[in-house]
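Remarks on the structure that follows.
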Amino acid sequence: MRAPVFATLALLVTAALQAQTDTTRKTRPDSTAKVAKLGPIEVTATRSEKLVFRTATPILVIDSSAVREVAPNGVADLFRNLPGVDVTGVGPNQGRLVIRGQRGQRILLAEDGIRLNNARRQQDFGELPAITDINDVSRIEVVRGPASVLYGTDAIGGVVNQVTLQPPGPGAREGIGGSILYRYGGAADQNLVHGRIFGRAGRFGFSAAAGLRDADPYDAPAGSFGQIRLDHNTRVNDTGIRDRNYSANLRWDPTDHQTLSVRVSRYSAREAGFGYVDPGALHDTSGVLVRLLYPDQGVTRATLGYRATALRSALADWISVSGYTTRNNRIFAQQIGITGGLPPGASIDINSQNFTDIKTYGFRLEAAKIVAGRHTITYGADWAIDRSANTDSSVTSIVGLGPPSTDVSTTPTVPNASFWNGGVFAQGDFRLTDRFTLGAGVRAQRIHASTRETPGLPAERSGVSAGNGTVVGSVSGQWLMIPELSLVATVGRAFRAPNLVERYFEGVTPEGNGFQMANPALKPETSLNYDLGFKLRKNLFYAEVFVFQNTISNGVRIVALGTTVSGFPAFQNQNIDRLRDRGVEALAEAGLGGGFSVIGHYTRLRSKNPDGNAPIGDSYSSKVGGELAWRERSGRFFAAYEVRHQGERKDILLTASPVGSVLPAFTVQNARAGLRLPAVAGVTTGVMLAVQNLTDRLYAEAPNTSFFRPEPRRSVVATVQLGF
């Protein structure tokens with residue numbers, strides 16, 4: 001694999017250096033740079049605006065122009081073809097990012113820098129990016145690697161920050177504008193209608209957006225993938241969605257340097273499933289069917305914020321205060337059908353439902369001071385509490401094993417509970433010389449979880465509490481060898497506190513393959529991460545290469561207990577010694593002149609338990625790909641072709657995966673093109689057409705193979721957008 005990868009990167013470097021003499025680049029330096037997947041400014045890694053090139057932290061930035069071009073269902077679609085990132089989940093609603101092999105609760109999901117994670121999600125699931133309207137974002141920033149100093153618990157593997165479009169601010173033209181978007185997706189007969197309106201009047205700015213999406217379950221193509229064979233195009237059940245996104249924003253600017261803002265949003269979804277293929281289509285003779293579905297879920301958020309800049313006080317040059325509340329209601333349904341190993345005509349059906357109501361309250365205070373015109377110190381505090389209440393019901397029907405019987409249970413799997421976390425932090429960015437910048441940060445954090453009295457559970461399950469405190473820190477350095485080339489290095493310690501599900505869940509697992517026992521005594525995970533690399537930027541050429549190692553101590557993993565409960569094998573979350581991920585990430589992008597641009601990327605990832613022989617990886621082992629694009633100078637036309645190859649992986653976590661003991665390699669290709677029509681009566685029109693999975697290949701993203709959920713067959717996506 002290495003030879004073609006380095007050859008690709010070498011070709012990119014050569015092409016970029018040759019393109020530096022192109023006269024069109026000299027006259028329009030940004031005409032091809034707009035393709036760049038790495039935006040010039042980021043805030044997630046430092047909490048202040050800074051050039052990506054001058055940031056030691058590995059970070060990926062995609063702006064709203066790329067969102068319009070790609071027409072994604074969610075953030076996962078935007079990052080599949082970039083280094084260090086994988087995807088788990090299928091369908092328009094369930095896609096989540098995996099960063100450097102870490103996923104679920106080890107990834108912090110944020111909106112405008114405010115955490116969206118809550119303590120009532122399964123460890124591997126994580127919060128849904130879909131609760132933020134992807135068509136109402138200005139950019140998405142992904143920090144690859146831990147960021148606990150600034151964000152606290154959960155940011156042990158990375159941060160995904162979705163930055164929303166804001167109302168017009170001071171200096172914007174007064175009046176009203178907006179956009180209307182319609183998108184059709186052929187894979188699932190998907191229809192999306194989205195509208196946004198914004199305006200400015202005096203010191204006030206406002207915006208509002210709404211999106212309505214309906215999609216049916218999609219089909220996967222016929223073919224082979226490892227030991228799986230589909231004889232014909234096959235329905236991937238429960239991959240449709242009926243969801244709605246609404247938001248409203250209001251800002252008041254009493255002065256040019258002060259802003260008071262309010263944002264209210266609502267997300268609702270029906271029939272959002274994890275996806276499954278009928279066992280018969282998979283030639284599966286085990287006689288077990290597992291169906292996981294959210295019949296109904298809703299998230300309502302409200303945020304009140306104040307920001308002041310140009311303070312010039314002894315303590316701060318700017319200050320930001322945010323208070324927020326979230327209510328997350330959802331129903332989780334689980335259906336397990338068992339016929340395998342039973343007499344003919346016999347069956348066991350388990351149907352259960354969990355209703356969860358989570359209320360979150362929190363605040364974030366931060367400020368920054370510029371010292372001596374070249375050093376920036378950012379400091380602050382944050383605190384949040386989740387209060388979870390839930391009810392459960394389960395109906396087990398047995399037929400053919402004696403007289404038919406039905407057992408009804410209303411015993412909750414997780415007690416009603418609370419989880420709060422809070423901390424104080426400080427991070428400095430010190431420009432010691434014109435060429436060397438040192439970054440250093442520290443956070444002190446406290447976490448506390450406690451169960452409450454819960455109907456259906458014995459008294460001893462209430463009042464079970466656990467508290468943890470920790471201190472984490474990070475140090476980074478960047479040395480500008482020459483103006484175009486910098487060496488970067490980071491080392492940092494991060495942590496993740498076990499959530500309510502990991503500590504207190506007791507019952508049949510969502511996948512139906514075991515019975516999970518509670519473990520309130522779980523310790524927090526801690527990690528030690530190293531990054532070493534370089535960044536190169538010359539005119540319209542950018543490249544970066546990072547090698548990293550992230551070692552998680554007291555890693556929380558599900559462990560077999562060797563016993564059975566209610567006929568199921570018993571498991572429990574336990575702290576194991578260490579989990580270690582090592583990898584290499586490379587990215588290069590260049591403007592080639594004449595409107596052409598190219599992007600190439602490569603990732604190598606290896607996961608293991610250094611203290612044992614059992615494999616722990618369930619992501620890819622290698623990924624290589626790129627994109628060739630052309631954009632007309634005035635921005636009226638564009639066309640792009642992308643390809644991604646993921647190599648096979650032998651050291652996978654679940655050797656009982658239906659695809660076999662090896663995760664197969666696959667190659668997927670996509671193409672898209674668009675045009676912007678001349679304005680008529682002040683209305684602009686943009687049209688985009690894309691073909692996804694050009695070769696109609698049967699494949700599944702690596703995390704979706706143990707519970708096999710393939711991607712859609714070849715399909716067309718068409719988008720029309722009007723702006724006024």
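Across the range 320-385, Cα pairs under 8 Å and at least six residues apart give a relative contact order of 35 percent.
Under the convention that each Lys and Arg Cβ holds +1 and each Asp and Glu Cβ holds -1, the size of the dipole of the chain around its Cα centre is about 1960 debye. Net charge in the neighbourhood of PHE206 (other residues with Cβ under 10 Å of its Cβ; Lys, Arg +1, Asp, Glu -1) is +2. In the range 311-416, Rg over Rh equals 1.42, where Rg is the alpha-carbon radius of gyration and Rh the Kirkwood radius from pairwise Cα distances. Among 90-103, 497-510, 371-384, the peptide with the highest mean count of other Cβ atoms within 10 Å heads the list, and the full ranking is 90-103, 497-510, 371-384. Which label marks the calculated value of percent of Cα pairs over 34 Å apart, given the options (1) 59; (2) 48; (3) 63? Answer by label: (2).
Highest-first packing order for the peptide set 308-314, 126-132 is 126-132, 308-314, based on the mean count of other beta carbon atoms within 10 Å. Helical runs assigned H by DSSP (4 residues or longer) give the chain a calculated mean residue ellipticity at 222 nm of -1500 deg cm²/dmol, each run adding -39500 (n - 2.57) before division by the residue total. Solvent-accessible area per residue in the range 261-342 equals 44 Å², computed with a 1.4 angstrom probe and all protein chains kept.
For the range 62-174, the dipole from Cβ point charges (+1 on Lys and Arg, -1 on Asp and Glu) about the Cα centre works out to 360 debye, to the nearest 20.
Net charge near PRO217: determine it from the other residues with C-beta under 15 Å of the C-beta of PRO217, scoring Lys and Arg +1 and Asp and Glu -1. Summing Lys/Arg as +1 and Asp/Glu as -1 gives -2. Of the beta bridges DSSP finds with both residues in the chain, what % are antiparallel, to the nearest 5? The antiparallel fraction comes to roughly 95 percent. To the nearest 0.05, what FRET efficiency results for PHE724 and PHE363 with a Förster distance of 25 Å applied to their C-beta separation? My answer for the efficiency is 0.10. Under 5 Å between amide hydrogens, built in the peptide plane, is the criterion, and for LEU116 it picks out LEU109, ALA110, GLU111 among residues at least 5 positions away or on other chains.
When you count the other C-beta atoms within 10 angstrom of each residue and take the mean per peptide, 452-463, 546-557 line up highest first as 546-557, 452-463. Using the Karplus relation 6.51 cos²θ - 1.76 cosθ + 1.60 with θ = phi - 60°, the per-residue 3J(HN,Hα) values for the range 222-238 come to 5, x, 10, 8, x, 8, 9, 9, 9, 6, 7, 4, 10, 5, 9, 5, 6 Hz, with x marking Gly and Pro.
For the range 186-240 and the range 60-78, what is the centre-to-centre distance using only Cα atoms, to the nearest Å? Distance between centres, Cα-based: 13 Å. Using a 1.4 Å probe on the protein chains only, how many percent of the accessible area of the chain belongs to carbon and sulfur? So the carbon and sulfur contribution to the accessible surface is 59 percent. Scanning residues 5 or more positions from GLY514 or on other chains, those with amide H under 5 Å from its amide H are THR509, with H placed 1.01 Å from N in the peptide plane. Treating the angle as unsigned and between 0 and 90°, give the value, to the nearest 10°, between the Cα long axis of helix 2-19 and the longest Cα principal axis of the chain. On a 0 to 90 degree scale, this one is about 20.
The charge dipole of the range 233-350, taken about its Cα centre with unit charges on the Cβ atoms of Lys, Arg (+1), Asp and Glu (-1) only, comes to about 480 debye. Relative to the current alpha-carbon distance between ILE370 and ASP231, full extension at 0.36 nm per residue lengthens the span by 43.6 nm. Distant-in-sequence amide contacts of ASP219, defined by a placed amide H-H separation under 5 Å and a gap of 5 or more residues or a different chain, comprise VAL236, ARG713. Taking a sphere under 14 Å around the Cβ of ALA489 and counting the other residues whose Cβ falls inside, with K and R at +1 and D and E at -1, yields a net charge of -1. For the chain, the relative contact order is 12 percent, taking Cα pairs closer than 8 Å that sit 6 or more residues apart in sequence and dividing their mean separation by the residue count. Phi angles of the range 545-559 translate, via the Karplus equation with coefficients 6.51, -1.76, 1.60 and θ = phi - 60°, into HN-Hα couplings of 9, 10, 10, 9, 9, 10, 10, 9, 9, 6, x, 7, 9, 6, 10 Hz per residue; Gly and Pro are given as x.
The 3J(HN,Hα) values that the Karplus relation (6.51, -1.76, 1.60; θ = phi - 60°) gives for the range 529-538 are, in residue order, 10, 10, 10, 9, x, 9, 10, 10, 9, 9 Hz. Gly and Pro appear as x. Taking 18 Å as the cut-off, the amide N atoms of the range 192-220 that come nearer than this to a point 7 Å along the Cα-to-beta-carbon line of VAL683 belong to 193-198. Cross-link check: pairs LYS359/LYS523; LYS50/LYS608; LYS538/LYS623; LYS523/LYS608 evaluated at a Cα-Cα cut-off of 31 Å; pairs beyond the cut-off: LYS50/LYS608. The alpha carbon centroids of the range 622-653 and the range 466-480 are separated by 34 Å.
Between PHE637 and TYR184, the distance separating the two model label sites (each 7 Å from Cα on the Cα→Cβ line) works out to 2.4 nm.
If you average the alpha carbon positions of the range 91-135 and of the range 542-607, how far apart do those two centres end up, in angstrom? For the range 91-135 versus the range 542-607, the Cα centre distance is 16 Å. In straight-distance terms, cross-link reach from LYS369 covers every one of the aspartates and glutamates whose alpha-carbon lies under 15 Å from its own, apart from those fewer than eight places away in the same chain; here that gives GLU49, ASP317, ASP429.
Ordering TYR267, LEU304, ALA314 by the projection of their Cα atoms onto the charge dipole of the range 248-315, which places +1 on the Cβ of Lys and Arg and -1 on the Cβ of Asp and Glu, puts ALA314 at the extreme positive end.
The values are calculated or read from the model by the stated rules, or taken from the named source; none is laboratory data. All of these numbers come straight from a predicted model, not from anything done at the bench. Cβ atoms come from the backbone with ideal geometry, glycine included; neighbour counts cover every protein chain shown. Heavy atoms of the whole protein, side chains included, go into the accessibility calculation; ligands, DNA and RNA do not. Shrake-Rupley method; radii C 1.70, N 1.55, O 1.52, S 1.80 Å.
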